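Notes follow once the structure below has been shown.
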Amino acid sequence: MHIYEEKKFSLPSLSGISDKSVQEHLGLYGGYVKNFNAISKLIAELATTDSDKYAHAVSELLRRRSFEFDGMRLHEYYFEQFEGGSNALTAGSALGKALAEAYNPVGAEKVMKSIGSMRGPGWAVLYYDPAAKELLTSFVGEQNQGHLVTLPIILALDVWEHAFLLDHGALGKGKYLDAFFANLNWSVIEKRFDQVA
């Protein structure tokens, strides 16, 4: 069985998102990795011990495992977007042109902030559909409900309370969303798009 390990990120200090908040958030990410490994190990043990006896337990663990896996992977997308420091979107890049075509006149950032402002824990995610050659946005409830299956993730915006509560309080999601976009390294996101478009 493959053991997943926490990725290490080279993160600068962020404007509007404190180092303490980032450290707490990285700790949560580590919990997803740890729990995914533990659940995977337990599924293997129970399924090979007595699959009939543990069928219900295994089915519930399988459901829970997707929550842990998606939390692990989405956080990896999330933190990677800050590596290298803030860097503006290149308007003439392939992603810049695609975003302008798909989201003007309101703009992709406004659309993502609107999705991110929805009530409830989850993620605002920008995907690319290579078959339709189209950018799509979605709200992923918690982190394992509402994914657009098989579509590559271009941008991942964590809007769980843990992402903003420490710095901005319970009503500070809007300030957090502004800080998130101010700190993005768009060259990372442009590279993701270039790899799949």
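Does Ser51 fit the bill of being hydroxyl-bearing (Ser, Thr, Tyr) and exposed (fewer than 15 other Cβ atoms within 10 Å of the Cβ)? Here the answer is yes, as Ser51 does meet what is asked.
The conditions of being surrounded by 14 or more Cβ atoms within 10 Å (Cβ to Cβ) and either over 17 Å from Val140 (Cβ atoms) or polar (S, T, N, Q) (or both) are not met by Ile3. Taken together, the criteria exclude Trp123 from residues that are in contact with a Pro (Cβ under 6 Å, 6 or more places away or on another chain) and closer than 26 Å to Glu24 by Cβ. Residue count for the stretch 165-175 satisfying the condition of being over 15 Å from Met118 (Cα atoms) and surrounded by 15 or more Cβ atoms within 10 Å (Cβ to Cβ): 4. Would you be able to say whether some residue in the stretch 137-157 is assigned to a loop (DSSP other than H, G, I, E, B), more than 24 Å from Gly27 (Cβ to Cβ) and either polar (S, T, N, Q) or more than 15 Å from the chain's Cα centre (by Cα) (or both)? Yes: one or more hits. Tell me which residues, restricted to the stretch 62-110, are of a type in the set (Val, Ile, Thr) and either without any contact (Cβ under 8 Å) to a residue 24 or more places away in the chain or out of contact with any Asp or Glu (no Cβ under 7 Å at 6 or more places or on another chain) (or both). Listed by number, the list holds a single entry, Val106.
Does any residue of the stretch 104-111 turn out to be of a type in the set (Lys, Arg) and outside any helix (DSSP H, G or I)? The answer is no, given that none of the residues of the stretch 104-111 is of a type in the set (Lys, Arg) and outside any helix (DSSP H, G or I).
The residues listed here are Asp178, Asp158, Asp194; of these, the one that is out of contact with any Pro (no Cβ under 8 Å at 6 or more places or on another chain), buried (at least 19 other Cβ atoms within 10 Å of the Cβ) and of a type in the set (Asp, Glu) is Asp158.
Values in this text are rule-based calculations from the coordinates and carry no lab data. Predicted model only: the values in this text are computed from it and were never measured. Quick reminder, even Gly has a Cβ in these numbers, built from the backbone with ideal geometry, and neighbours come from all protein chains shown.
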